[in-house]
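> Here's a structure for you.
The values are calculated or read from the model by the stated rules, or taken from the named source; none is laboratory data. Since the model is a prediction, treat every value here as computed from it, not as a measurement. Positions of Cβ are backbone-derived with ideal geometry, glycine not excepted, and every protein chain shown enters the neighbour counts. SASA here: full protein model, heavy atoms, side chains in, ligands and nucleic acids out. Shrake-Rupley method; radii C 1.70, N 1.55, O 1.52, S 1.80 Å.
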Amino acid sequence: MIASAASAGKGPSSSVAGRPQSQAQVDPLAGLRRPTDPPWDVYLTGTVFLDIIFTGLDSAPVRGTESWARGMGSSPGGVANMATALARLGLRTALAAAFGDDHYGEYCWDALEQGEGIDLSASRSVPGWHSPVTVSMAYEGERTMVSHGHEPPPEKPAPECPPRARAAVASLEPGRRAPWIAQAAAKGTRIFADVGWDETGAWDLAGLADLEHCEAFLPNAEEAMRYTGANCPRAAAHALTEHVPLAVVTLGAEGAYAVDGRTGETASVPAIAVEALDPTGAGDVFVAGFVTGTLADWPLADRLAFAGLTAALSVQEFGGSLSAPGWAEIGAWWREIQSYADQDPAALRRYAFLSDLVPTELARPWPLRRAVPTIGFGRSA
């Protein structure tokens with residue numbers, strides 16, 4: 001395991017209100033781009049939440065008592081976590097989502113479109129529909145969430161099928177197909193899928209019907225073992241390649257393990273030791289890092305290491321979407337981590353591929369937006 005300084009790669013925790021953020025300063029696909037390419041690197045669809053995050057709690061809230069948090073932040077959440085993580089890594093990202101026409105919806109739209117450069121031309125503002133909200137409480141490396149929201153009314157006429165993109169990220173739901181996944185795959189879009197907890201308790205892979213359209217499946221260890229019946233995460237990953245070409249299983253503090261069923265290649269990368277402030281959205285950031293490396297044609301082990309690194313950097317900041325690191329944060333971590341004399345040389349070599357990716361100096365005219373307690377703080381009248 002490679003150790004990391006608690007502040008390595010972290011930017012200031014203040015937001016810059018009313019100003020667009022600088023675009024990602026590294027294009028990981030620069031050498032692969034052609035005039036005939038799809039207009040977007042990644043297409044996403046889903047629900048955008050307003051996330052309100054409390055951190056610094058000593059324990060979970062106790063019934064009948066009042067708990068005070070030492071830290072608080074607000075940021076777009078839900079599918080916005082993935083969209084922001086991808087955009088900050090330099091991928092051209094398109095998002096189709098419904099936004100409430102309230103202040104929360106306006107804030108989330110502005111933060112994603114103006115702040116992160118995410119294309120929202122396929123998104124819509126729904127009159128009279130309030131934005132979904134999640135309150136997340138982080139303590140002892142875990143989190144507890146309470147959410148509220150309503151399904152937005154269906155769009156009329158129905159939205160067009162998804163635009164051409166190199167890749168799309170889908171969240172599979174047991175027993176339910178999402179027609180856009182098959183439509184996107186038919187256009188040549190590479191589908192990367194994750195999955196949530198199966199509330200039905202069936203844990204039947206046949207219920208994940210859209211898995212047949214996916215190139216990669218990225219469950220956590222518990223999900224992978226339950227779906228396959230395997231008694232260890234690595235065995236589960238191998239079993240999953242009977243259903244999807246590439247299986248990636250996250251192992252929490254133990255890192256991640258991947259199997260490419262097409263070539264038989266495997267990769268295992270340990271986790272990076274960090275002091276976690278808030279784990280919200282870390283799984284989305286991991287997937288974004290893996291998608292980036294895959295589209296850039298990196299070796300499997302490099303993709304896995306990069307995904308773990310981006311997720312580790314994200315948990316050192318408040319919130320899901322606005323905690324995602326950019327290339328300046330990744331470069332700062334790589335430069336700082338090499339300055340520690342007690343690092344394991346073998347562990348450092350695992351991340352040596354970053355030297356060819358991160359410029360010596362990455363100048364940014366202002367810091368990345370971070371989650372702040374008050375929405376709209378600092379806006380001029």
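> Hey, what's the range 242-313 come to in accessible area per residue, 1.4 Å probe, Å²?
Heavy-atom SASA per residue in the range 242-313 reads 31 Å².
> Next up: Within the range 272-314, which residues have the backbone N less than 18 Å from the label spot 7 Å out from LEU348 along Cα→beta-carbon, could you tell me?
272-273
> As a test, work out the antiparallel percent of DSSP beta bridges whose residues both lie in the range 153-306, rounded to the nearest 5.
50 percent
> Where Lys and Arg each count +1 and Asp and Glu each count -1, what net charge lies around ALA209 among other residues with Cβ under 11 Å from its Cβ?
Every neighbour counted, the sum reads -2.
> Counting only heavy atoms of the protein chains, get the accessible area per residue of the range 47-175 (1.4 Å probe) and round it to a whole Å² value.
With the other protein chains kept in place, the range 47-175 gives 49 Å² per residue.
> Sort out for me the Cα centre separation of the range 72-131 from the range 191-260, rounded to whole Å.
Answer, in whole Å: 28.
> Continuing with the same structure: Convert each backbone phi in the range 40-54 into a coupling constant with the Karplus relation 6.51 cos²θ - 1.76 cosθ + 1.60 (shift: θ = phi - 60°), then list the ³J(HN,Hα) values in order as whole Hz, x for Gly and Pro.
10, 7, 9, 10, 9, 9, x, 9, 9, 9, 8, 9, 10, 10, 9
> What is the range 148-285's relative contact order, in percent, from Cα pairs under 8 angstrom and six or more apart in sequence?
Once normalised by length, the contact order is 15 percent.
> For ARG190, what is the net charge nearby, where nearby means another residue's Cβ is under 10 Å from its Cβ and Lys, Arg count +1, Asp, Glu -1?
With Lys, Arg at +1 and Asp, Glu at -1, the net is 0.
> Let me ask something else. At a 1.4 Å probe, what is the % contribution of carbon and sulfur to the accessible area of the range 187-226?
Carbon and sulfur together cover 47 percent of it.
> Taking each pair of different alpha-carbon atoms in the range 16-131 once, compute 1/r for the pair, average those values, and report the inverse of that mean as the Kirkwood hydrodynamic radius in Å to one decimal.
16.0 Å
> Per residue of the range 26-32, what does 6.51 cos²θ - 1.76 cosθ + 1.60 with θ = phi - 60° give for ³J(HN,Hα)? Whole Hz please, x for Gly and Pro, Karplus curve as stated.
After applying 6.51 cos²θ - 1.76 cosθ + 1.60, I find 10, 9, x, 9, 3, x, 10 Hz.
> Over the Cα atoms of the range 154-260, what is the Rg over Rh ratio if Rh follows Kirkwood?
Reported Rg/Rh, Kirkwood definition of Rh: 1.01.
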